[in-house]
Amino acid sequence: MTSQSAAALRSRYVDQAASDLEENRRLQQELQERISMLKQEEALLGDIISLAERYEGFADASRLPEQLQDEPVATKPQPKQKRAAAGTAARRTAPAKTASAGTPAKAGAEGKPRQALLGDLLMKLLGKYDEPRLAKELRDELLKKHPDRSPTPQVVRNTLESLVAKGRIQRHKQQRSVMYTLVKQDG
């Protein structure tokens, strides 16, 4: 092997190693972002579980949040002490009386209508397009059409990923971009 061919070989190895190092760092960055998103999702899921446990044992559907009223209430047997404490807490936090038996109670403290869920708004926006959309584009459009809403880019991405997990939208990767489309319902 000549010194010239050895130098060329060494140069190729260095170039390949530099390229591999750059790719490794890019992948590490992607994983760090994914871990950050998963930690946020973990906190959200913990909050959901905590909230669900607070409403556990309510047999009266009118006292459940509006979204949960259609779902059956699963109760598990509680020790007598916990049951007594839960009953006391429920009496202390019971809402004011509803307007009348046939009229639903007002949604908010001042009777403001309930805001649409972010996922529903994003799905409605996605439904207007046949081609995939970036999360940033969807957020920008959401901010224009709903100035009262100001979710962070991360909240929009998390919501979109949640909808992907539920099978309501699809994720498409194009190079380093992630895009979303609405899943077309048969029928």
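The values are calculated or read from the model by the stated rules, or taken from the named source; none is laboratory data. These numbers were taken from a predicted model, which means no experiment stands behind them. Every residue, glycine among them, receives a Cβ derived from its backbone with ideal geometry; neighbour counts consider all protein chains shown. Please note that ligands, DNA and RNA were not included when accessible areas were found on the heavy atoms of the full protein model with its side chains. Shrake-Rupley method; radii C 1.70, N 1.55, O 1.52, S 1.80 Å.
Results for (1) in a strand (DSSP E or B); (2) open to solvent by less than 90 Å² (accessible area, probe 1.4 Å); (3) modelled with pLDDT of 95 or more, shown as yes or no for each residue.
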position: L142; (1), (2), (3): no, yes, no
position: R149; (1), (2), (3): no, yes, no
position: Q154; (1), (2), (3): no, yes, no
position: L163; (1), (2), (3): no, yes, no
position: G167; (1), (2), (3): no, yes, no
position: K173; (1), (2), (3): yes, no, no
position: V178; (1), (2), (3): yes, yes, no
position: K184; (1), (2), (3): no, no, no
position: G187; (1), (2), (3): no, no, no
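One line per residue, one yes/no per condition, for (1) acidic (D, E); (2) surrounded by 10 or more Cβ atoms within 10 Å (Cβ to Cβ); (3) under 26 Å from N158 (Cα atoms):
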| site | (1), (2), (3) |
| --- | --- |
| V14 | no, yes, no |
| S19 | no, yes, no |
| L27 | no, yes, yes |
| R34 | no, yes, yes |
| D47 | yes, yes, yes |
| S50 | no, no, yes |
| R54 | no, yes, yes |
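Considering only the range 1-12, how many residues are outside any helix (DSSP H, G or I) and either among the hydrophobic types (A, V, I, L, M, F, W, C) or open to solvent by less than 80 Å² (accessible area, probe 1.4 Å) (or both)?
1
Go through (1) at pLDDT below 85; (2) assigned to a helix (DSSP H, G or I) for M37 and report which single condition fails.
(1)
Given the condition modelled with pLDDT under 90, basic (K, R) and under 30 Å from V164 (Cα atoms), answer yes or no: does some residue in the range 43-66 qualify?
Yes.
Do you know which residues across the range 36-45 are open to solvent by 70 Å² or more (accessible area, probe 1.4 Å) and free of Cβ contacts under 8 Å to residues at least 24 places away in the same chain?
Within the range 36-45, L38, K39, E42, L45 qualify.
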